[in-house]
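Let me begin by presenting the structure, written as structure tokens, before commenting on it.
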Amino acid sequence: MDANEVTKAPKRIVFIVNQLAPFHSDGAGTYNRGLLNACKRLGHDVTVICCARQLPGLWFQGEPGIRFIHAGSLFEGRYILNSWASLARYAYKQIKRYAPKKNGPATSVSIGYFPTEAEIREATRLLKGIDPTHVFVDTIFRDRFLAAHIPGRRVLIAHDVFSERTRSFEASGRVVNPAISAEMEKRIVSSYDAIIAINADEARLLKEMAPERQVLTVFPSVDARKTIDLSGSGILYIGSSAHHNVEGLEWFLSDIWPRVRQARGDVNLHVAGSICSVIGDHEGVIRHGVVKDMNDLRKDVSFAINPIRVGSGLKIKMVDYFAMGLGCITTSVGAQGFPTADVPFAVEDDAQGFAGRIDEWLEDKAVAEQMGKRAKTYVGHFSSGAIDAALSPIFDGA
């Protein structure tokens with residue numbers, strides 16, 4: 001077998017993750033699923049090991065041809081069912097989720113957690129007998145699982161520069177747990193053979209931390225969906241209940257939305273995702289909860305918003321908007337990391353400017369239509385073919 005055949009031989013890839021999240025349930029889960037599907041399309045054997053104590057629901061269905069192993073499951077394979085103990089934990093979590101919330105803004109925010117010794121031991125048990133050529137580790141918070149001395153080339157899925165995220169939240173007056181320093185992140189990042197960054201800006205920062213390592217930019221994966229023509233007059237927001245989403249939407253609803261409604265009392269904001277469970281009632285705001293098919297809402301809206309003010313990384317909800325053929329009004333934080341040519345979004349950082357831009361797009365439907373057309377082209381940056389090409393150098397000669 002020559003060197004070229006060795007390079008093309010299927011690799012045995014293990015993903016070590018902390019959640020099994022369906023596509024579009026949250027940004028991190030969507031990004032991970034895009035990467036593992038890219039590995040599968042490139043012809044490699046993929047196993048996903050999840051060490052969280054419960055599934056995101058009563059059961060989980062993965063992609064065909066990918067093996068899923070979960071610490072709290074009765075089975076392994078494509079279909080996974082919670083164990084009785086995990087079901088009990090899941091039920092408790094749901095009760096706690098819908099319990100009345102304390103009033104007042106949160107003063108602390110969690111950006112992840114490091115595994116316990118028990119979880120590391122469980123990972124070691126699950127990995128027994130697996131001999132991977134490549135180990136993909138889901139963020140620096142899963143790094144301690146490599147204490148199990150897993151063989152194979154080590155690849156970090158960075159998701160974010162967490163020292164930058166820590167700095168961003170602290171600048172807004174939040175206490176971050178765990179707080180990640182640049183020195184800590186550099187030490188962890190530089191221990192990997194390769195690092196996957198979610199955008200070019202973060203790839204540059206990660207390369208500065210680990211100049212001897214291979215650093216690749218791999219965007220989130222989403223293909224343009226079959227969409228209907230613009231016909232609605234509403235506005236769309238999609239978000240999980242993550243702190244940065246809640247803070248941004250609360251700012252929008254308190255400082256921007258009243259200005260919009262005062263000028264246009266008939267406009268509606270359609271909100272989708274788990275964030276619906278943590279925001280209150282507002283005039284003109286329609287909460288849809290978690291929506292499986294976003295095209296169900298597409299007919300009601302003409303553009304989208306992302307009023308995020310803190311955080312780092314690339315905002316995957318905006319990629320979802322573009323895939324739906326929707327332009328977006330966002331902030332400079334929301335625009336971070338996106339390719340800058342012919343963008344289908346506008347940037348406004350203050351409440352008056354944001355409200356004024358919305359009024360402009362509502363007044364002149366041609367503007368929203370033009371942004372929608374741009375979005376359908378722009379989403380090519382995030383196609384499965386583009387993601388496969390960006391990821392493939394990880395496996396060259398390895």
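Derivation of every value follows stated rules applied to the coordinates shown; laboratory data play no part. In this text, all values refer to a predicted model and were calculated from it rather than measured experimentally. Don't worry about glycine lacking a Cβ; one is built from the backbone with ideal geometry, like all the others, and counts go over all protein chains shown.
Restricting to Cα pairs below 8 Å that are 6+ residues apart, what does the relative contact order work out to for the stretch 234-382? Please round to a whole percent.
Values: 250 pairs, mean separation 36.3, N = 149.
Averaging sequence separation for qualifying contacts and normalising by length gives 24 percent for the stretch 234-382.
Using the Cβ-Cβ distance between Thr124 and Lys292 with R0 set to 45 Å, the FRET efficiency from 1/(1 + (r/R0)^6) comes to roughly 0.80. Using a simple spin-label model with pseudo-atoms 7 Å out from Cα toward Cβ, Asp388 and Ser181 lie 4.5 nm apart. Amide H contacts for Phe68 (H built 1.01 Å from N in the peptide plane; partners 5 or more residues away or on another chain; cut-off under 5 Å): Val48, Gly77, Arg78. Put in line by how crowded their Cβ is, counting other Cβ atoms within 10 Å and starting with the fewest, Ser110, Ser190, Ser221 read Ser110, Ser190, Ser221.
Neighbour counts of other Cβ atoms within 10 Å put Arg142, Arg374 in the fewest-to-most order Arg374, Arg142. Once backbone amide H atoms are built at 1.01 Å from N, Arg309 has Gly248 as its partners under 5 Å, excluding neighbours fewer than 5 places away on the same chain. Applying the Karplus relation 6.51 cos²θ - 1.76 cosθ + 1.60 with θ = phi - 60° to the stretch 123-129 yields 3J(HN,Hα) values of 4, 4, 5, 5, 7, 4, x Hz, where x marks Gly and Pro.
Listing Val271, Val161 from the residue with the fewest other Cβ atoms within 10 Å to the one with the most, what is the order? The most exposed by this proxy come first: Val271, Val161. Using Cβ point charges alone (K and R +1, D and E -1), the dipole size of the stretch 234-382 about the Cα centre works out to roughly 420 debye. With viscosity 0.890 mPa s and temperature 25 °C, the Kirkwood radius over alpha carbon pairs of the stretch 234-382 converts through Stokes-Einstein to a diffusion coefficient of 162 µm²/s. Distance between the modelled labels on Ala263 and Glu363, one decimal in nanometres: 0.6 nm (7 Å Cα→Cβ projection). Summarising the amide proton neighbourhood of Ala304: residues at separation of 5 or more, or on other chains, whose placed amide H is nearer than 5 Å comprise Leu236, Gly327, Cys328, Ile329. Report note on the peptides 323-334, 244-255, 347-358: ranked by the mean count of other C-beta atoms within 10 Å, highest first, their order is 323-334, 244-255, 347-358. Subtracting the Cα-Cα distance of Arg204 and Ser332 from 0.36 nm times their residue separation leaves 44.2 nm of extension gain.
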